[in-house]
Number of protein chains: 2
Amino acid sequence: MSQDQLDARRQEILSGARACFARYGYEGATVRRLEEEIGLSRGAIFHHFRDKDSLFLAVAEDDVATMVETVARNGLVQVMRDLLDRAGETDVAGWLGTQLEVSRRLRTDAEFATRWAARSAAIASATRERLQRQHDAGALRDDVPVGVLAQFLELAYDGLVLHLADGRPVADLHRVLDVVEAAVRR
Amino acid sequence: MSQDQLDARRQEILSGARACFARYGYEGATVRRLEEEIGLSRGAIFHHFRDKDSLFLAVAEDDVATMVETVARNGLVQVMRDLLDRAGETDVAGWLGTQLEVSRRLRTDAEFATRWAARSAAIASATRERLQRQHDAGALRDDVPVGVLAQFLELAYDGLVLHLADGRPVADLHRVLDVVEAAVRR
């Protein structure tokens with residue numbers, strides 16, 4: 001296989017794994033179900049990923065890469081708006097729920113927890129850098145330190161994740177995000 | 001047993017059960033561990049509560065009753081401040097984590113999910129009533145509907161629950177709550 005073919009195979013595995021985790025949750029995504037959803041044998045799957053944990057983290061890291069890119073370009077509020085627009089897609093709530101399920105379980109597994117913590121750190125740091133640039137451009141309120149505003153946006157993001165993972169209605173959340181956004185601006 | 005004795009016994013069971021769920025999570029809180037933590041036999045425990053699900057929901061409903069009372073008196077922001085002050089207590093993060101763990105699991109159990117949903121509804125309705133009173137007293141901004149402000153506070157509350165359940169540092173969250181509070185006031 002060429003590098004391109006290897007990369008394509010890897011993406012194919014990640015995409016099937018994401019759907020499988022979203023549908024069955026972390027525990028429920030057995031190797032047999034992963035095989036069915038991905039359409040490859042366990043041998044082929046675990047040739048690319050050490051084990052189920054590694055597969056799960058790779059999907060999560062894929063999310064983080066996309067998210068860090070969007071945060072750097074458009075800010076965390078835009079990430080929230082995108083998430084809200086996609087809330088109707090069945091797999092979005094499932095995938096968020098799976099992440100929560102694992103985030104809880106991880107407290108008993110220090111190594112896994114460290115890898116997981118690196119995700120939040122990357123997002124937090126992208127948020128801070130973006131806010132700092134906006135602050136320097138005079139777009140933000142200046143009576144509250146940028147670090148506090150960043151934590152405020154992260155709190156709103158966490159709240160949105162939990163809300164959507166629970167499958168609760170979107171209701172007026174777009175207007176809520178307007179309030180969130182206005183609260184950090186000058 | 002007199003009614004007072006029955007009530008006291010019930011409280012004793014709830015308190016031990018809360019500690020056990022906080023320490024071991026929902027799945028990990030086996031009947032044997034519940035017996036040890038509560039200090040009563042399974043016969044005595046399940047004389048008062050039908051099963052583990054009922055026991056768990058009774059603990060959660062106890063929380064809701066306290067929370068609805070505090071929301072009605074002091075608002076949801078005060079509930080968040082209280083939670084933050086108690087974040088250092090080991091069992092707080094554990095108990096919040098257990099609630100998240102179950103909230104995800106519930107999607108496959110419609111009856112349980114309905115009982116669980118009633119919790120959030122009671123809190124949401126207390127938040128709305130309190131905000132409406134504040135609005136009528138002229139304390140709130142009036143360019144955004146009260147219902148949207150209520151959802152904004154609930155989003156912040158959900159974010160705080162997820163943050164603390166993950167055992168992440170409290171950092172500047174008190175200052176973040178100042179931003180949250182200021183965002184709903186006139």
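The values are calculated or read from the model by the stated rules, or taken from the named source; none is laboratory data. In this text, all values refer to a predicted model and were calculated from it rather than measured experimentally. Here Cβ is always computed from backbone atoms with ideal geometry, including for glycine, and neighbour counts include all displayed protein chains. Protein only, heavy atoms only, side chains kept; ligands, DNA and RNA dropped before computing areas. Shrake-Rupley method; radii C 1.70, N 1.55, O 1.52, S 1.80 Å.
Would you give the gap between the C-alpha center of the range A:55-127 and the C-alpha center of the range B:16-62, rounded to a whole Å? Each part reduced to its Cα centre gives a spacing of 32 Å.
Couplings for the range B:112-127, taken from phi via the Karplus curve 6.51 cos²θ - 1.76 cosθ + 1.60 with θ = phi - 60°, read 4, 4, 5, 5, 5, 4, 4, 4, 4, 5, 5, 5, 4, 6, 5, 5 Hz in order; Gly and Pro are left as x.
The other copies place their residue A:142 label points at 3.3 nm from this one, listed shortest first, where each point is 7 Å from Cα along Cα→Cβ.
Just to confirm a number: summing +1 for Lys and Arg and -1 for Asp and Glu over residues other than residue B:122 whose beta-carbon lies under 12 angstrom from that of residue B:122, what do you get? Net charge around residue B:122: -1.
Projected onto planes of every orientation and averaged, the convex hull of the alpha-carbon atoms in the protein assembly as shown covers 21.1 nm². These residues, B:67, A:1, B:80, go from largest to smallest accessible area, 1.4 Å probe, as A:1, B:67, B:80. Computed with every protein chain present, the accessible area of residue B:61 is close to 80 Å² [probe 1.4 Å]. Kindly express, to the nearest 10 degrees and within the range 0 to 90, the angle between helix A:146-165's C-alpha long axis and the longest C-alpha principal axis of chain A. Compared with the principal axis, the helix lies near 50 degrees.
Here is how far apart the residue A:73 label points are across copies: 5.1 nm, shortest first, using a point 7 Å from Cα toward Cβ.
Which positions within the range A:154-186 get 30 Å² or more of their accessible surface covered by the other protein chains, compared to the chain by itself, with a 1.4 angstrom probe? Residues of the range A:154-186 that lose at least 30 Å² of accessible area once the other chains are added: A:155, A:158, A:159, A:162, A:166, A:168, A:172, A:175, A:176, A:179.
The mean sequence distance of close C-alpha pairs (under 8 Å, at least 6 residues apart), as a share of the length of the range B:1-128, puts its relative contact order at 32 percent. Ranked from largest to smallest solvent-accessible area, with a 1.4 Å probe on the protein heavy atoms, A:144, A:59 come out as A:144, A:59.
Taken per residue, the accessible surface of the range A:1-146 reaches 51 Å², heavy atoms only and a 1.4 Å probe.
Rounded to whole numbers, the Karplus 3J(HN,Hα) couplings from phi for the range B:166-181 are 6, x, 6, x, 5, 6, 9, 4, 4, 6, 4, 5, 4, 5, 4, 5 Hz, using 6.51 cos²θ - 1.76 cosθ + 1.60 with θ = phi - 60°, and x at Gly and Pro. Leaving ligands and nucleic acids aside, the A/B contact buries around 3000 square angstrom of accessible area in total at a 1.4 Å probe radius. Counting only heavy atoms of the protein chains and using a 1.4 Å probe, residue B:27 has close to 110 Å² of accessible surface. Per-residue ellipticity at 222 nm computed for the protein assembly as shown from its helices equals -26500 deg cm²/dmol, with DSSP H segments shorter than 4 residues left out and the rest contributing -39,500 (n - 2.57). Structure remark: mean-square fluctuation, Gaussian network model of chain B, C-alpha springs under 10 Å; the largest value among B:93, B:17, B:121 belongs to B:121. Count Lys and Arg as plus one, Asp and Glu as minus one, and take only other residues whose Cβ is under 13 Å from that of residue A:135; the net charge is then +2. Can you send over the carbon and sulfur percentage of the accessible area for chain B, probe radius 1.4 Å, protein chains only? On chain B, the fraction of accessible area on carbon and sulfur atoms equals 49 percent. The C-alpha atoms of chain A define a longest principal axis, and helix A:52-74 lies at about 30 degrees to it.
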